[in-house]
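What follows is a short report on a single structure.
Any read-out appearing in this document is the output of simple, stated calculations on the displayed coordinates, not a laboratory observation. Note that the structure is predicted; figures quoted are calculated from it, not measured. Every residue, glycine among them, receives a Cβ derived from its backbone with ideal geometry; neighbour counts consider all protein chains shown.
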Ligand SMILES: NC(=O)c1ccc[n+]([C@@H]2O[C@H](COP(=O)([O-])OP(=O)(O)OC[C@H]3O[C@@H](n4cnc5c(N)ncnc54)[C@H](O)[C@@H]3O)[C@@H](O)[C@H]2O)c1
């Protein structure tokens with residue numbers, strides 16, 4: 001292995017879902033910074049557009065797609081559009097996700113289904129159509145790497161997050177099944193999951209607000225202190241902490257890594 005180039009993604013094409021803001025936006029920036037052409041998609045139209053403009057301003061070759069990850073037809077269109085516009089598909093980051101804080105006894109079945117639909121069905125459809133496209137004979141056909149955003153909450157219990165935890169546990173198991181299947185079939189596609197701790201994106205802020213709203217913390221300050229105490233490293237994550245791990249899993253440096261679950265959480269799961 002040439003370690004000087006193993007972490008670079010020159011000549012590769014990546015698609016990042018849910019990239020209008022938060023982790024997805026930073027992951028797209030990171031992939032572009034190490035040489036990838038990047039397609040970004042989001043259900044928020046002007047958000048995907050803004051990310052594309054931001055990436056292009058730093059010299060990246062980027063395209064944007066309006067894309068609801070729960071819709072199979074839109075997956076087919078987004079993947080076909082990426083291959084047509086950027087010349088292939090080597091990396092998929094299934095990042096789009098939603099959370100909703102509710103005590104299990106109060107969680108509505110509608111809310112439960114909505115979370116599974118975006119987080120699990122969305123990731124399933126992404127894996128399905130990316131594997132088809134990346135496999136030999138597929139529209140891209142040169143193998144690839146899929147990174148699925150799970151969560152520390154997919155490995156340990158988090159109060160008021162049973163629906164979210166169930167969805168992220170499903171992403172973890174789906175990742176392993178996909179990795180084994182792709183390995184055994186010899187299609188050249190690696191599939192891994194990432195498990196972040198708390199990062200104060202819109203979703204992270206919503207989680208803190210939820211603890212106060214549900215009466216589980218008296219105010220924001222104490223909600224933040226309680227969650228910070230779960231992180232042995234003593235700080236919340238930054239989007240870049242997660243993006244750097246995506247670069248590794250997407251790159252040839254991780255060529256023998258598949259079906260792995262990588263905690264990027266300041267030590268939450270280890271504690
Ligand atoms: N922030 C954290 O602390 C944290 C921790 C662990 C895991 N994660 C996971 O990381 C991923 C990104 O989280 P984030 O913090 O950036 O969240 P965020 O809410 O800031 O951003 C999520 C993005 O996904 C998009 N999205 C939502 N539903 C969609 C759909 N149906 N189709 C397409 N796009 C859709 C949103 O428009 C938004 O741009 C999620 O999967 C989340 O579960 C986040």
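Of the residues making up segment 47-74, those that are touching a residue at least 12 places away in the same chain (Cβ under 8 Å), surrounded by fewer than 22 Cβ atoms within 10 Å (Cβ to Cβ) and assigned to a helix (DSSP H, G or I) are 47, 49, 50, 52, 54, 72.
If I go through segment 186-224 residue by residue, how many of them are more than 16 Å from the ligand (Cβ to nearest atom), free of Cβ contacts under 8 Å to residues at least 12 places away in the same chain and on the phi < 0 side of the Ramachandran plot?
Let us first name the residues in segment 186-224 that are more than 16 Å from the ligand (Cβ to nearest atom), namely 186-190, 212-219, 221-222.
Narrowing the set further to residues that are free of Cβ contacts under 8 Å to residues at least 12 places away in the same chain leaves 186, 212, 215, 217-219, 221-222.
Remaining after also requiring on the phi < 0 side of the Ramachandran plot: 212, 217-219, 221-222.
Residues meeting the conditions: 6.
All told, residue 120 meets the bar of being touching a residue at least 12 places away in the same chain (Cβ under 8 Å) and more than 22 Å from residue 187 (Cβ to Cβ). Looking at (1) part of a loop (DSSP other than H, G, I, E, B); (2) crowded, with 16+ Cβ neighbours inside 10 Å; (3) touching a residue at least 12 places away in the same chain (Cβ under 8 Å), which is the one condition that is false for residue 233? Every condition holds for residue 233 apart from (2).
To keep it simple, each residue is scored yes or no on (1) closer than 23 Å to residue 101 by Cα; (2) surrounded by 14 or more Cβ atoms within 10 Å (Cβ to Cβ); (3) in contact with a strand residue (DSSP E or B) (Cβ under 8 Å, 6 or more places away or on another chain).
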site: 169; (1), (2), (3): yes, yes, no
site: 175; (1), (2), (3): no, yes, yes
site: 179; (1), (2), (3): no, yes, yes
site: 185; (1), (2), (3): no, no, no
site: 189; (1), (2), (3): no, yes, yes
site: 196; (1), (2), (3): yes, yes, yes
site: 201; (1), (2), (3): yes, yes, no
site: 229; (1), (2), (3): yes, no, no
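Can you say whether residue 130 is crowded, with 21+ Cβ neighbours inside 10 Å, away from the ligand (no atom under 12 Å from the Cβ) and either more than 28 Å from residue 36 (Cβ to Cβ) or touching a residue at least 24 places away in the same chain (Cβ under 8 Å) (or both), as far as the supplied structure shows? So residue 130 passes the test. Just one of the numbered conditions (1) part of a helix (DSSP H, G or I); (2) over 19 Å from residue 96 (Cα atoms) is not true of residue 165: (2). Summed over segment 101-137, the residues that are under 23 Å from the mean Cα position of the chain (by Cα) and outside any helix (DSSP H, G or I) give a count of 3. For segment 90-104, does any single residue satisfy the condition of being more than 11 Å from the ligand (Cβ to nearest atom), touching a strand residue (DSSP E or B) at 6+ places or on another chain (Cβ under 7 Å) and within 30 Å of residue 209 (Cα to Cα)? Checked against the condition, which is being more than 11 Å from the ligand (Cβ to nearest atom), touching a strand residue (DSSP E or B) at 6+ places or on another chain (Cβ under 7 Å) and within 30 Å of residue 209 (Cα to Cα), segment 90-104 yields at least one hit. Between 57, 6, 20, 14, the distinction of being in contact with a strand residue (DSSP E or B) (Cβ under 6 Å, 6 or more places away or on another chain) and either more than 13 Å from the ligand (Cβ to nearest atom) or within 22 Å of residue 142 (Cβ to Cβ) (or both) belongs to 14 only. Selection of segment 12-35 for residues being free of Cβ contacts under 8 Å to residues at least 60 places away in the same chain and outside any helix (DSSP H, G or I) yields 20, 35. Filtered by the rule that a residue be more than 14 Å from the ligand (Cβ to nearest atom) and outside any strand (DSSP E or B), segment 138-159 gives 138, 139, 140, 141, 142, 143, 157, 159.
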